[in-house]
Amino acid sequence: VGQVLKDQVALVTGASSGIGASVARELARAGAAVAVNYAGNPAGAQTVADAITAAGGRAIIVKADVSVEADVTAMFAAVIEAFGRLDILVSNAGLQRDAAFVDMTLEEWDRVMAVNLTGQFLCARAAVRQFLAQAPRPEVSAALGKIICMSSVHDVIPWAGHVNYAASKGGVSLLMKSLAQEIAEKKIRVNAVSPGAIRTPINRAAWETPEAEAALLKLIPYGRVGDPEDIGRAVVWLASDASDYITGTTLYVDGGMTLYPEFREGG
Ligand code: NAD
C-alpha cells in the first residue's frame with residue numbers, strides 16, 4: 001500500500017473492536033496518525049494502538065462516549081493536543097438495542113438514536129469546526145477535511161425488529177448529504193460507507209453457527225460474509241485524494257446485499 005494518507009491525522013470512533021479497529025489499522029497503514037476512540041474497552045483500543053505503533057505508525061487511544069457533548073469536546077481537544085490537527089473523521093461508533101416494535105422501550109429507542117445519530121452530529125460538528133480553524137495543506141490533501149460516516153445497508157433496507165437502528169442509519173444518510181451540501185464550498189468532503197454483513201461482535205448471532213451463516217449467505221450474492229478489512233480499505237480510499245471529486249455519496253460495501261437478491265430466481 002502506498003502511503004496515500006502520509007502526514008494526515010485521523011480520528012476513528014468506536015475503534016476498540018470490529019470495523020472501527022480495522023479502519024484504524026488500515027488508515028495507519030496508509031500513513032495516517034490515528035486516534036483510536038473507545039467508550040468502554042480500553043484494552044481493545046490499546047491493542048489496536050499497539051499494533052499500529054509496532055508497525056511503525058503513530059496512534060493514541062482516547063476515551064469518549066460519542067453521545068455526550070462534553071466527552072466529544074474533550075476527545076477532539078486530546079487529538080489536537082497529541083497530533084496538532086485533524087484531517088479525517090471516521091464516525092464509526094454504533095450499537096443495536098433490538099426489540100419487536102410493540103415491546104420496544106423508549107430507552108432502547110433513545111440510546112440507539114443518541115449513539116448512532118446524535119453521536120455522528122456531535123463528532124461531525126466538532127470536526128468541521130476544527131477543519132475550518134486550521135490552515136489548509138493542499139500539498140498533503142486536496143480537501144480541507146474529510147468526514148466518513150459509518151452507516152449500514154439498513155439506511156435503505158427496512159429491518160423488522162430493529163426500527164430504532166434502521167431509523168438511526170436512515171438519519172445518518174440525510175445528515176451526511178445535507179452536511180455535504182452545506183460545506184462542500186469549504187472544500188470539506190462528507191461521505192458514508194454502508195456495510196452489509198461484516199463478521200464483527202455486533203452481529204455474532206448472524207454468522208456464528210453454520211446454519212445462521214447459510215441463511216445469511218442467501219442475502220449476499222457475492223457469496224461470502226464481509227471482513228472488517230473490506231470496510232477499512234474502502235474508508236482509506238474515501239479519505240484519500242483518489243476520491244477527491246466524491247462528496248455526499250454513500251458507498252455500499254455489501255457483496256450485493258442491496259441488489260434485491262431474492263429476485264435472482266424471480267421473473
Ligand atoms: P462493534 O460492536 O464491534 O463496534 C461498535 C463500536 O462502537 C464498539 O467498539 C463500541 O464500543 C463502540 N461504541 C458503542 N457505543 C459507543 C459510544 N457511545 N461512544 C463511543 N463508542 C461507542 O460492531 P461493528 O460491526 O464493528 O460496528 C461498527 C459500525 O458499523 C457501527 O456503526 C455499525 O452500526 C456499523 N455496521 C456494522 C455492520 C456489520 O455487519 N458488522 C453492518 C452495517 C453497519
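The values are calculated or read from the model by the stated rules, or taken from the named source; none is laboratory data. On a predicted model such as this, the values are computed, not experimentally measured, just so you know. Every residue, glycine as well, gets a Cβ built from its backbone with ideal geometry; the counts of neighbours run over all protein chains shown. In case anyone asks, the SASA skips ligands and DNA or RNA and just uses the protein heavy atoms, side chains included. Shrake-Rupley method; radii C 1.70, N 1.55, O 1.52, S 1.80 Å.
Identify, by number, the condition in (1) over 17 Å from VAL112 (Cα atoms); (2) open to solvent by 10 Å² or more (accessible area, probe 1.4 Å) that GLY170 doesn't meet.
Only one criterion in (1) over 17 Å from VAL112 (Cα atoms); (2) open to solvent by 10 Å² or more (accessible area, probe 1.4 Å) is unmet by GLY170, namely (1).
Here's the yes/no breakdown for (1) over 22 Å from VAL235 (Cβ atoms); (2) in a strand (DSSP E or B); (3) in contact with a strand residue (DSSP E or B) (Cβ under 8 Å, 6 or more places away or on another chain):
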site: LEU95; (1), (2), (3): no, no, no
site: TRP109; (1), (2), (3): yes, no, no
site: ASN116; (1), (2), (3): no, no, no
site: GLY119; (1), (2), (3): no, no, yes
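List the pairs whose first member sits in the range 216-237 and is closer than 24 Å to PRO158 by Cβ and outside any helix (DSSP H, G or I), whose second member is open to solvent by 60 Å² or more (accessible area, probe 1.4 Å) and at pLDDT below 95, and whose Cβ atoms are under 9 Å apart, counting only residues at least 6 apart or on separate chains?
What qualifies is LYS218/GLU262; LEU219/GLU262; PRO221/ARG264.
Yes or no: LEU117 open to solvent by 20 Å² or more (accessible area, probe 1.4 Å), touching a residue at least 40 places away in the same chain (Cβ under 8 Å) and under 17 Å from THR247 (Cβ atoms)?
For LEU117, the condition - open to solvent by 20 Å² or more (accessible area, probe 1.4 Å), touching a residue at least 40 places away in the same chain (Cβ under 8 Å) and under 17 Å from THR247 (Cβ atoms) - is not met.
Given the conditions (1) closer than 20 Å to GLY20 by Cα; (2) at pLDDT 95 or above; (3) small (Gly, Ala, Ser), report the number of the one that ALA206 does not fulfil.
Of everything listed in (1) closer than 20 Å to GLY20 by Cα; (2) at pLDDT 95 or above; (3) small (Gly, Ala, Ser), ALA206 misses just condition (2).
Which condition number in (1) in contact with a helix residue (DSSP H, G or I) (Cβ under 8 Å, 6 or more places away or on another chain); (2) crowded, with 17+ Cβ neighbours inside 10 Å is the one that LEU132 fails?
Every listed condition holds for LEU132 apart from (2).
Any idea which residue in the range 198-215 is farthest from the ligand (Cβ to nearest atom), counting only those that are of a type outside the set (Val, Ile, Thr) and assigned to a loop (DSSP other than H, G, I, E, B)?
Within the range 198-215, the match that is farthest from the ligand (Cβ to nearest atom) is GLU208.
Out of the residues in the range 137-166 meeting the condition of being farther than 24 Å from GLY232 by Cα and among the aliphatic types (A, V, I, L, M), tell me which one is least open to solvent (accessible area, probe 1.4 Å).
VAL163
Of everything in the range 22-53, what is within 12 Å of the ligand (Cβ to nearest atom), within 17 Å of CYS123 (Cβ to Cβ) and open to solvent by less than 20 Å² (accessible area, probe 1.4 Å)? Give them in sequence order.
Within the range 22-53, VAL23, ALA24, VAL36, ASN37, ALA45 qualify.
Just need a number here: residues in the range 138-172 that are in contact (Cβ under 8 Å) with a residue 60 or more places away in the chain and either outside any helix (DSSP H, G or I) or away from the ligand (no atom under 15 Å from the Cβ) (or both).
12
Any idea which residue in the range 173-197 is nearest to the ligand (Cβ to nearest atom), counting only those that are touching a residue at least 60 places away in the same chain (Cβ under 8 Å) and among the aliphatic types (A, V, I, L, M)?
The qualifying residue nearest to the ligand (Cβ to nearest atom) is ALA197.
Among GLY223, GLY248, which is the only one that is over 24 Å from ARG29 (Cβ atoms) and within 20 Å of the chain's Cα centre (by Cα)?
Within the list GLY223, GLY248, the selection yields GLY248.
Pick from the range 54-93 the residues that are free of Cβ contacts under 8 Å to residues at least 12 places away in the same chain and away from the ligand (no atom under 12 Å from the Cβ): which of them is farthest from ALA239 (Cα to Cα)?
If we take residues in the range 54-93 being free of Cβ contacts under 8 Å to residues at least 12 places away in the same chain and away from the ligand (no atom under 12 Å from the Cβ), then ALA70 is farthest from ALA239 (Cα to Cα).
Can ALA124 be described as outside any loop (DSSP other than H, G, I, E, B), open to solvent by 20 Å² or more (accessible area, probe 1.4 Å) and in contact (Cβ under 8 Å) with a residue 40 or more places away in the chain?
So ALA124 does not fit the description; no.
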